[in-house]
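One structure is given here, and the rest of the page talks about it.
The values are calculated or read from the model by the stated rules, or taken from the named source; none is laboratory data. Computed from a predicted structure; not experimentally measured. For neighbour counting, all protein chains shown are included, and Cβ atoms are generated from backbone atoms with ideal geometry for every residue, glycine included. The accessibility values were calculated without ligands, DNA or RNA, using every heavy atom of the protein model including side chains. Shrake-Rupley method; radii C 1.70, N 1.55, O 1.52, S 1.80 Å.
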Amino acid sequence: MVESWSFLDTVESNFRPLVVIELAKSTKEETIEWLTKRIVDKKADGGAQLLIKPLVMENGVENIYLVGASHLRLLLGAETVGLVKECSDNSMRAFTYSSRKTFKHFADDNHDFLTMAECQYIIKHELENLRAKDEKMIPGYPHAKLYPGKSIVRRLLTSGILVQIFPLHDREELKKLSHSWYGRVKVGYQPLDDIRCYFGETIALYFGFLEYFTFALIPMAVIGIPYYVFAWEDYDKYVMFATFNLLWSTVILEVWKRICAILTYRWGTLLMKRQFEEPRPGFHGVLGINPVTGREEPVYSSIKRQLRIYLVSLPFVCLCLYFSLYVMMIYFDLEQWALDYHKENESNFSSLMLYVPSIIYAVVIEIMNRIYRYAAEFLTSWENHRLESSYQNHLILKVLVFNFLNCFASLFYIAFVLFDMKLLRQSLATLLITSQILNQFAESLLPYWLQKRYNRRMKKSMCSKKTGTDLSLAEQVNMEKEMGTYLGTFDDYLELFLQFGYVSLFSCVYPLAAVFAVLNNTTEIYSDALKMCRVYKRPFAEPTANIGVWQLAFETMSVISVVTNCILIGMSPQVDALFPDSKMDLVLTVALIEHLLLAIKFIMAFVIPDKPRDIQMKLAKLEFESLEALKQQVRAFQMQL
């Protein structure tokens, strides 16, 4: 970089608030002065070199601060975080300030070259990398220890001094996005590029996957409707449907990889280099030296962590799995009671009672999943993982194992132990529909109603005060700081994962599963969009190149679906009639077919490229140019010697 950080000003007349910092009301004055100085100080002095000003209300400063940055500072920050932008020759390259003129739509007076989400991501990165120099503690708080290299923001958060940091909404842009996204019911694609510009790549990629998965379910739904209408009691016919199910579950995941590569290349995140991962905020230990960075930071024994995992977490998970199976057996007792009651009475009421045990069990499953989620988060945090990626992987593993057993154990038991296809269809339908209704209510409708009530109270309160400040900005900040915090796409992907399981594992005995999934996902797109725009605070953008570990989770589910569908095919009377003399031949034949289908599945995964050829060529070209540039630098250095 030719330009130096030192020439940047810390004052800009056209201040644009991007991020809100809320401190505890009891925060000491010396702490506030020290923090604001560190935020404003030049990079050479260990500061973030950002702009900050307090939000003044009628009763004075309420420890709420607005953070922004000059246009030049944001451009230099874009280079620091490694943002990738489109060049004038339509190629995608990592942005550098020295070559800024080569990028499409760049102009010194064009402040829209970086999206608001990118600007907020840059500010978040700079704040999180604001590190202690020679301070031993946070001024005014002797218990909040610091050491060289420690993240100041993370220490403020863990000490309770910093309440929250969140990015502000752009109300005009949000209004436009809301109108094009969910403001009117239409048949068409979502504005994924607009979603990405406003919320970032992680959330845009989730909505892209949700949309793709919904369209991918349509063939299953189209085939399932006539199948259900004309042959739903004829279980011999589900052989053909199960065979189609096997091919479908394999192809859609391979095609998604290609679509994901197209999206992330266009957004620039496919080319972003992975940065060195810092310790997560909740990580603690004795002060030591990181052998990689050479910096002082907390160090925790991996042996202690493994002991916590295998001696505490693993037994607890096993205990929860046992409890889930115990609840499942109670459900079957209720099913038997309902069946006996129906045989005795033979009335419309008794017919309805046949569905009551499944509905109760579906509600209990959702309650157990949510309670276990909190326990899994506590345990994973207690295991004290150093990196956020490690924490997320262990949490996802715990949650997926429990949710899979909790949601699908009863269906496996009915199918492969009781051999009751009629009960399997009834249970699958009830579990799927009930879980969808509960999720829609708990995740979108209830939070929206509560937030709407709060917004009305806040607007009345703000209008009753005659403040001399910008009422709209003050109202916006005070309303947004009380909104719920969006905790990420974990629960959203988990819901799709379980839905994929219901459709791919047993839908051949209930073909309408895909139909209900399409209907649910269509409403889910609108309700999730409403949730992001109206219910939660705006989340910080997070660059990502794929859906991460969830891709592996879906692929694992598709492998299990091959096994279950092959067994269902082998259990059908149509196939069973082909082997009247030897059941061992039937078992061996089904096992052989299952192995062949798995082989075909893995061959398809190998043959179908994860990236389209044009993107492969563009990536290869960029790699070649990078190597040539490196060679030129080496030659220039050798000539100087």
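Details
- The Kirkwood hydrodynamic radius of region 19-168, based on inverse pair distances between different Cα atoms, is 16.7 Å.
- Averaged over its residues, region 16-68 has an accessible area of 44 Å² per residue, based on protein heavy atoms and a 1.4 Å probe.
- Once backbone amide H atoms are built at 1.01 Å from N, Ser70 has Leu51 as its partners under 5 Å, excluding neighbours fewer than 5 places away on the same chain.
- Ser99 versus Gln640: modelled label distance in nm, points set 7 Å from Cα along the beta carbon direction: 1.9 nm
- Environment charge at Gln616 (Cβ cut-off 12 Å; Lys +1, Arg +1, Asp -1, Glu -1): +2
- Of the solvent-accessible surface of the chain, computed with a 1.4 Å probe and all protein chains present, 64% belongs to carbon and sulfur.
- Angstrom value of the Kirkwood radius, inverse mean 1/r, which spans all Cα pairs in the chain: 28.1 Å
- Relative contact order [Cα under 8 Å, 6+ residues apart], the chain, whole percent: 19 percent
- Alpha-carbon Debye profile of region 302-357, log10 I(q)/I(0) at 0.16, 0.19, 0.20 Å⁻¹: -0.60, -0.70, -0.73
- Total formal charge among the other residues, if their Cβ is under 15 angstrom from that of Ala541, Lys/Arg +1 and Asp/Glu -1: -4
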